[in-house]
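The block underneath contains the structure these notes are about, expressed in structure tokens.
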Amino acid sequence: MELEKLTKKYGGDRSAVIAMLQDIQRDEGYLPRKTLTQLSEQLDVPLSRLYALATFYRAFSLKPTGRHKVGVCLGTACHVRGGQALLDRLERDLGVHAGQTTTNRRFTVDTVRCLGCCSIGPVVRVDNEMYGRVRQDKLGKILEPFE
């Protein structure tokens, strides 16, 4: 990410730092330390402030994430319909635990508390695609197009 273009896009306005962090996260897949350090210097904002924002908001990650984000809903409706079993299977199949990224950086697996699709639970979200009434034996088929 070219930070000069980014800061120019927002007119160097320090009040737009969250938007800048979102742009970096979108382009890089996470917030690299080097980039945060450079942004801190360009905006004259303490690095500690950028880290405070990056760790406060769950949308940001300080470690590399996968190209595709897989979220398994563990809200009440999805949980009672087998959401935890789906997560267990996904973790086994991909060789990672919730909150981790596969070694090839293809997938980051996480849990969510509710996706608002309770009537079609259990629900799995891959990037912005929602899949309802998911069964363990269908997980591979769901992930296949994203590989």
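Points worth noting:
- When both bridge partners sit in the stretch 68-146, DSSP labels roughly 55% of those beta bridges antiparallel.
- Prolate/oblate/rounded call for the stretch 3-56, Cα gyration tensor, a/c under 1.5 rounded: rounded
- Distance between the modelled labels on Glu144 and Thr111, one decimal in nanometres: 2.9 nm (7 Å Cα→Cβ projection).
- Note on the chain: helix-only mean residue ellipticity at 222 nm, from DSSP H runs of 4+ residues weighted -39500 (n - 2.57) and normalised by residue number, equals -12000 deg cm²/dmol.
- Neighbourhood net charge (10 Å Cβ-Cβ; Lys/Arg +1, Asp/Glu -1) for Gly121: +2
- Tally of Lys pairs whose C-alpha atoms are under 18 Å apart, taken over the chain, 8 or more apart or cross-chain: 4
- For the chain, share of DSSP beta bridges that run antiparallel, in % to the nearest 5: 55 percent
- Taken about its Cα centre, the chain carries a charge dipole of about 320 debye when Lys and Arg each add +1 at the Cβ and Asp and Glu each add -1 at the Cβ.
- Mean-position separation - Cα centroids, the stretch 119-147 and the stretch 52-71, in angstrom: 21 Å
- Inter-site label distance for Leu47 and Met130 at 7 Å from Cα along Cβ, in nm: 4.1 nm
- Charge sum, other residues only, whose C-beta stays under 14 Å from Gly82's C-beta, Lys/Arg counted +1 and Asp/Glu -1: +3
- Count Lys and Arg as plus one, Asp and Glu as minus one, and take only other residues whose Cβ is under 11 Å from that of Arg67; the net charge is then +1.
Where a number appears in this text, it was derived from the coordinates with a stated rule and is not lab data. Small disclaimer: the values here were computed from a predicted structure and weren't measured. All Cβ positions, even for glycine, are placed from backbone atoms using ideal geometry, and neighbour counts span all protein chains on display.
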